[in-house]
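Beneath this line is the structure, given in structure tokens, with notes to follow.
The values are calculated or read from the model by the stated rules, or taken from the named source; none is laboratory data. Because the structure is predicted, anything quoted here is derived from the model rather than measured. Cβ placement follows ideal geometry from the backbone for every residue including glycine, while neighbour counts extend to all protein chains displayed. These area figures cover heavy atoms from the full protein model, side chains too; ligands, DNA and RNA do not enter into them. Shrake-Rupley method; radii C 1.70, N 1.55, O 1.52, S 1.80 Å.
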Amino acid sequence: MLPCTQKIKDLDWKPKGIILSGSPYSVYDKGAPRVDPDVFEAGVPVLGICYGLQEIAWNHGGKVDPHDRREYGKATIDVVKTGNAHMDALFAGEEARVDVWMSHGDQLSVCPPDFEVVAKTSTAPFAALAHKTKPIYGIQFHAEVTHSPRGKELFENFVERICDCRRDWNMETFIDKEIARIRELVGPKGRVIGAISGGVDSSVAAKLMHEAIGDRFHAVMVDNGVLRAREAAQVYEMLSQHLGVNVTIVDASELFLGRLEGVDDPEKKRKIIGNTFINVFEEEAAKLEAEAEREEEEAKKAGRQHETKGKYEYLLQGTLYPDVIESISFKGPSATIKTHHNVGGLLDDMKLKLIEPLRELFKDEVRQLGKVMGIPAHLVGRHPFPGPGLAIRILGPVTRSQVEILQQADTIYIEEIRKAGIYDEISQAFAVLLPVRAVGVQGDKRTYDQVIALRAAQTTDFMTATWYPFSYDFLSKVSNRITNEVQGVNRVVYDVSSKPPSTIEWL
Ligand code: XMP
């Protein structure tokens with residue numbers, strides 16, 4: 001992935017194709033991303049998505065109309081066959097009507113002269129275009145999101161048919177290559193410390209690291225005071241018993257909660273948590289090294305055989321590609337959605353170097369990787385839990401008592417989801433503690449307490465999501481239990497928003 005400011009002439013390799021991504025900008029905005037016009041002269045296929053299509057049209061004499069209202073959500077396109085194999089290649093093998101996901105403001109109003117329409121909708125006459133002679137294509141919809149169910153086929157057409165790329169990447173080759181890369185990077189004695197959150201990403205990363213370097217990998221789970229109830233104990237059991245990984249649980253809850261005191265802003269919370277994590281890991285790595293040195297000293301004194309162990313030079317993180325995409329803003333006009341604590345929240349002067357074997361994978365690929373490596377299904381299928389934990393599910397400042405309220409509500413909610421047998425149908429479910437107070441009546445007394453929002457998302461890539469359609473009975477049971485059992489909460493609401501326009505977490 002390269003920034004839009006990349007100049008084609010500065011590349012020392014030749015791409016096989018170029019995809020121009022979407023953007024929240026309007027082509028009319030001051031400072032809007034402008035692609036290097038040489039992209040269209042590079043002699044390689046180009047596919048523009050949403051803003052990418054508008055950028056293609058803009059560069060080829062088309063016209064883009066600004067719209068005040070954005071179009072979000074499902075749409076159906078009618079594929080237009082031109083009878084020309086080159087122009088029809090993008091939708092080759094497709095039905096006449098295809099469901100897609102739209103998310104755009106501006107829209108094309110005049111087709112550029114050398115292009116033809118290859119798909120349209122009732123509201124967008126130029127839903128997809130193809131250049132009459134060159135391999136340049138553009139789509140108004142977002143084929144890259146799960147909610148465009150045939151999006152994968154469209155990319156296969158572009159990458160395999162149009163760009164003529166070979167498919168030689170699969171999970172087995174990925175594992176072999178990653179293990180070899182890790183061994184080479186770490187060397188025969190080097191050691192790695194691993195940041196484990198209990199989520200599927202860091203657990204799969206830990207398993208991969210254990211396969212690569214065995215006991216020279218040590219996992220550390222930091223209890224940052226904003227974990228779910230019993231999380232640390234469950235993670236310990238999962239890693240040590242099921243995955244055979246060395247693991248230490250460090251209770252740093254005082255430190256984290258102290259630094260989070262009074263902090264309201266979500267990005268600040270992420271930064272504080274990211275930075276504090278690194279401080280704790282560095283301290284823990286130093287302790288583990290000192291311990292190893294002591295053992296060596298003792299062995300030497302007693303005249304026993306000993307193995308010299310290397311230093312902890314690397315820190316393993318389960319960073320995924322969506323974390324990278326959503327966190328990084330290139331020097332230029334791309335938009336940062338959230339600074340995921342493990343990408344943008346790191347210290348500049350960090351001593352440990354990062355190893356992120358999953359950095360180019362999506363969540364569904366990580367689950368597949370976990371299964372291929374033999375991690376039990378109930379562990380691979382755990383709902384993800386963000387590194388900054390409950391701190392980004394408590395709106396407003398984080399305190400121990402707020403954490404406890406949320407832990408209790410979340411435990412009840414997840415317990416009921418499991419009892420109803422729908423845990424695996426939902427991609428991620430959690431409770432959120434809202435900073436508002438509402439009036440209630442409990443035991444004939446007026447209460448003025450807090451509100452819990454329930455969230456349940458269905459998604460595969462976590463880039464887009466829909467909300468889960470619980471039954472009324474289920475919602476009423478969870479609401480009754482939370483308001484009866486959790487002191488300080490007198491109201492429960494259910495969040496019925498998709499991503500986009502919302503995100504999965506509230507912060
Ligand atoms: P959003 O809220 O961005 O969430 O739609 C997408 C997925 O990312 C998780 N998430 C995070 N994970 N550090 C993490 O490790 C973070 O700062 C963070 N923010 C969101 C979220 O739980 C969901 O699975």
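Points worth noting:
- Protein heavy-atom surface of the chain, 1.4 angstrom probe: 50% of the accessible area is carbon and sulfur, with nucleic acids and ligands not counted.
- Taking the average, over residues, of other Cβ atoms within 10 Å as the packing measure, peptides 349-362, 4-17 rank 349-362, 4-17 from highest down.
- The range 216-266 and the range 1-65: distance between their alpha carbon centers, rounded to Å: 43
- Using the Cα coordinates of the range 180-252, the gyration tensor eigenvalues translate into equivalent-ellipsoid semi-axes of 23, 11, 10 Å, sorted from longest to shortest.
- Surface exposure of the range 402-504, expressed per residue as accessible area with a 1.4 Å probe, stands at 48 Å².
- Once the Cα-Cα distance is subtracted from the 0.36 nm per residue extended length, the Arg400 to Asp38 segment shows a gain of 124.7 nm.
- Computed on the Cα trace of the range 344-472, the radius of gyration divided by the Kirkwood hydrodynamic radius gives Rg/Rh = 1.04.
- Applying the Kirkwood pairwise sum to the alpha-carbon positions of the range 63-119 produces a hydrodynamic radius of 13.0 angstrom.
- P(r), alpha carbons of the range 423-507 - 5 Å bins starting at zero, rounded %: 3, 14, 23, 21, 16, 12, 7, 3, 1, 0
- Residue among Cys165, Ser240, Ile196 farthest towards the positive dipole end of the range 157-260, charges placed on Cβ: Cys165
- Neighbourhood charge, 11 Å Cβ-Cβ cut-off, centred on Tyr423 and excluding it, Lys, Arg +1 and Asp, Glu -1: -1
- Rounded to the nearest whole Hz, the Karplus-based 3J(HN,Hα) values (6.51 cos²θ - 1.76 cosθ + 1.60, θ = phi - 60°) of the range 6-12 follow the sequence 4, 9, 4, 5, 8, 6, 9, with x at glycine and proline.
- Long-range tail of P(r) for the chain (Cα pairs > 42 Å, %): 28
- Distances between placed amide hydrogens fall under 5 Å for Thr248 paired with Ala219, Val220, Met221, all partners being 5 or more residues away or on another chain.
- Computed over neighbours whose Cβ is under 11 Å from that of Gly440, the net charge equals +3, Lys and Arg +1, Asp and Glu -1.
- Under 5 Å, built H, 5+ apart or other chain: amide partners of Asp36: none
- Contour excess over end-to-end distance, with Cα ends at Gln458 and Lys419 and 0.36 nm allotted per residue: 12.2 nm
- The local environment of Phe115, defined by Cβ-Cβ distances under 11 Å, has a net charge of 0 under the rule Lys, Arg +1 and Asp, Glu -1.
- For the range 1-51: Kirkwood Rh in Å [reciprocal of mean 1/r, alpha carbons]: 11.8
- Placing one equal scatterer on every Cα of the range 242-303 and applying the Debye formula, the log10 ratio I(q)/I(0) at q = 0.16, 0.24 Å⁻¹ is -0.70, -1.00.
- Pairwise Cα separations in the range 14-172 fall into 5 Å bins from 0 onward with the following percentages, short to long: 2, 9, 20, 24, 22, 14, 7, 2, 1, 0.
- Whole-Hz couplings from phi, Karplus 6.51/-1.76/1.60, listed for the range 87-93; x for Gly and Pro: 6, 7, 4, 5, 9, 4, x
- For the range 1-130, the Cβ-based charge dipole about the Cα centre amounts to some 140 debye (Lys, Arg positive; Asp, Glu negative; other atoms uncharged).
- Dipole magnitude of the chain, debye to nearest 20 (Cβ charges: Lys/Arg +1, Asp/Glu -1, about Cα centre): 360
- Cα-based Rg / Dmax (Å) for the range 182-316: 16.4, 57
- C-alpha center-to-center spacing [the range 378-393, the range 95-154] in angstrom: 36
- For Leu361, nonlocal amide neighbours, meaning residues 5 or more places apart or on other chains whose placed amide H falls under 5 Å from its own, are Tyr321.
- Here the Karplus relation 6.51 cos²θ - 1.76 cosθ + 1.60, evaluated at θ = phi - 60°, turns the backbone of the range 51-61 into coupling constants of 4, x, 5, 5, 5, 4, 4, 4, 7, 10, x Hz, with x for every Gly and Pro.
- Between Thr82 and Lys134, the C-beta separation translates, for a Förster distance of 22 Å, into a calculated FRET efficiency of about 0.95.
- Approximate spin-label separation Glu283-Ser240, in nm, with each point projected 7 Å along Cα-to-Cβ: 2.1
- Those aspartates and glutamates that a straight Cα-Cα span of less than 12 Å connects to Lys120, excepting residues fewer than 8 apart in one chain: Asp78, Asp99
- Over 29 Å (Cα to Cα) - which of Lys419/Lys445; Lys269/Lys351; Lys189/Lys287; Lys371/Lys499 fall in this group: Lys419/Lys445
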